Amino acid sequence: MDLKAKYIEAKRRWAEKRVAEGFTALEKPTELRLPPGQHLTKGFPVLDLGFQPDIPLDQWQLKIGGLVANPMDLSWEDFNDLPQVEDVSDFHCVTTWSKYDCRWQGVPFTEIYERADPDPEAKFVFFTSYDDYTTNLPLDQLLDDDVLVATHFDGEPITREHGGPARIIVPKLYAWKGAKFVKQIEFLAEDQLGFWEIRGYSNTADPFTEDRFA
Ligand SMILES: Nc1nc2c(c(=O)[nH]1)N[C@H]1C(S)=C(S)[C@@H](COP(=O)(O)O)O[C@H]1N2
Ligand SMILES: [Mo]
């Protein structure tokens, strides 16, 4: 599917989700839900680089740039003017824990894509965070209807330890592909490896094929 078609399909599925009221827990049989080598956790472990940046909302900015027609420096206010949705998804960390039914709220990545209007050459996205963490993804995988720039978890603002004010959620991949404390989103023609990808983690990161290390 080309990128435009994928984007339209994701938008269509969002519309369906909005109609399906009372949508809370995912109904999937365990064998399709818990990836191989993972165990279920009820808590919510914290994984970071050893410090959690403190970003006052009046200084927070989300920079969107690279190969786009409309580069943007969004203030917290600008960002919160974008359409928001809620989505429930599972979370899989490469260190073998998974957490079911995470209820996230935030701006769908498709809204960022639409406003930034990437050039046709843009095929990859590079994320940079306020703790200098980085990660990279093919644009294609971000145009899915469960990918969010999330600001809320379980109805509350995401705490600092879990990546607030805003973090990226890409439920279909291992969680290191989702940048906490996100600061910048760059659209690129060539792939550029992020923090863990440089250090031997898989660049594709599919939990269901135990695609942990390159
Ligand atoms: N900015 C930033 N984002 C990050 C990380 C990090 O260290 N810094 N760790 C990643 C990893 S390995 C995981 S498993 C998840 C952890 O999210 P959590 O701390 O909310 O469980 O965030 C990912 N995003
Ligand atoms: Mo992780």
Legend entry - Estimated 222 nm signal from helices in the chain, with DSSP H stretches of n ≥ 4 weighted -39500 (n - 2.57), rounded to 500: -5000 deg cm²/dmol
Legend entry - Relative counts (whole %) of C-alpha pair distances in the chain, using bins that are 5 Å wide: 1, 7, 15, 20, 22, 18, 11, 5, 1
Inset, instruction - Considering only Ala179, Ala122, Ala150, give the residue with the highest GNM mean-square fluctuation for the chain, with springs between Cα atoms whenever their separation is below 10 Å. - result: Ala122
Inset, instruction - Calculate I(q)/I(0) for region 93-205 by the Debye formula, one identical point scatterer on each C-alpha and no solvent, and give its log10 at q = 0.12, 0.18, 0.19 Å⁻¹ to two decimals. - result: -0.39, -0.91, -1.02
Inset, instruction - With N set to the residue count of region 1-95, report its C-alpha Rg divided by 2.2 N^0.38 Å to two decimal places. - result: 1.46
Inset, instruction - Using a 1.4 Å probe over the heavy atoms of the protein chains, calculate the carbon and sulfur portion of the accessible area of the chain as a whole percent. - result: 53 percent
Legend entry - Two-decimal ratio, region 56-101, of alpha-carbon radius of gyration to 2.2 N^0.38 Å: 1.67
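The values are calculated or read from the model by the stated rules, or taken from the named source; none is laboratory data. This one's a predicted model, so the numbers in the text were calculated from it and none came from an experiment. With ligands, DNA and RNA removed, areas are computed over all heavy atoms of the protein, side chains included. Shrake-Rupley method; radii C 1.70, N 1.55, O 1.52, S 1.80 Å.
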